[in-house]
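> Can you keep this structure in mind? I'll have questions shortly.
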Amino acid sequence: MKRFVFWAAAFVLILNIGCGKSNEEVGEEAAEQAIEAALGNEAGVDLSDEGMTVTSEDEDGTYTWTGGDQAKVPDGFPADVYIYEGAELLMSTDTPAGFVLAFETDAPLDDVVESYLEEMSAAGWTKQMATEMDGGQMMVYLQDDRSVNLTIFDEEGVTQIGLTVSR
């Protein structure tokens, strides 16, 4: 199936180049078709030099992914979930089940971990698990019927932060 999606997207790309469409239009259409084939439902793609936004909808609700300079913290993201101050948002996903955000910062790993330990507890979250892994840390917090899974890793001197928040 993946091979079919690849060849279909490549065919559309070649066909559209021949029809005089811009690279941006061709890229958006190819991405839409590939995503729609993978998901089984329609998808909208906004592709630019600043990044990409993908929106799709099914019977469960709307799914939105943003990346690059277009990335933004989704509307409705819980105010009681700490976001490391000064971290750059790389990608966000908003689904009916929750949110996924990816950040990076030049701050040292230990500083970022300590901030999350302090700030999540101060916001009323209960730490259920914390484990050190090679080059990073993973934590799980609970509050009422919600959870936050947090991964913090050092990648060649840049601290990567991943937040997964359930609704």
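> Go over the candidates ASP80, ASP60 one by one and state the one that is touching a Pro at 6+ places or on another chain (Cβ under 6 Å), within 21 Å of SER166 (Cβ to Cβ) and either in contact (Cβ under 8 Å) with a residue 24 or more places away in the chain or basic (Lys, Arg) (or both).
ASP60
> Name every residue in the stretch 105-126 that is buried (at least 16 other Cβ atoms within 10 Å of the Cβ) and farther than 19 Å from VAL140 by Cα, in order of residue number.
THR105, ALA107
> Tell me which residues, restricted to the stretch 65-79, are of a type outside the set (A, V, I, L, M) and buried (at least 19 other Cβ atoms within 10 Å of the Cβ).
TRP65, THR66
> Continuing with this model, one more query. Could you please find all residues in the stretch 82-102 being more than 20 Å from MET139 (Cβ to Cβ) and among the acidic types (Asp, Glu)?
GLU88, ASP94
> Another question, then. Looking at the structure I just gave you, is TYR82 surrounded by 15 or more Cβ atoms within 10 Å (Cβ to Cβ), under 18 Å from the mean Cα position of the chain (by Cα), aromatic (Phe, Trp, Tyr) and assigned to a loop (DSSP other than H, G, I, E, B)?
Details: surrounded by 15 or more Cβ atoms within 10 Å (Cβ to Cβ): yes; under 18 Å from the mean Cα position of the chain (by Cα): yes; aromatic (Phe, Trp, Tyr): yes; assigned to a loop (DSSP other than H, G, I, E, B): yes.
Answer is yes for this residue.
> Somewhere in the stretch 90-104, is a residue acidic (Asp, Glu) and within 26 Å of ASP69 (Cβ to Cβ)?
yes
> Also: If we keep just the residues of the stretch 127-138 that are in contact with a Ser or Thr (Cβ under 8 Å, 6 or more places away or on another chain) and within 13 Å of THR151 (Cα to Cα), which is surrounded by the fewest Cβ atoms within 10 Å (Cβ to Cβ)?
That would be MET138.
> Between a first residue in the stretch 126-152 that is farther than 16 Å from PRO78 by Cα and a second residue that is outside any strand (DSSP E or B) and of a type in the set (Phe, Trp, Tyr), which pairs have beta carbons less than 8 Å apart while being 6 or more apart in sequence or on different chains?
Pairs found: MET139/TYR116; ILE152/TYR116.
> Only one of these conditions is not met by THR95: (1) exposed (fewer than 15 other Cβ atoms within 10 Å of the Cβ); (2) under 22 Å from THR53 (Cα atoms); (3) modelled with pLDDT under 95. Which number is it?
Looking at each condition in turn, THR95 falls short on (1).
The values are calculated or read from the model by the stated rules, or taken from the named source; none is laboratory data. Worth saying up front: this structure is predicted, and the values here are computed from it rather than measured. Methodologically, a virtual Cβ is constructed for each residue, glycine included, from the backbone with ideal geometry; neighbour enumeration extends over all protein chains shown.
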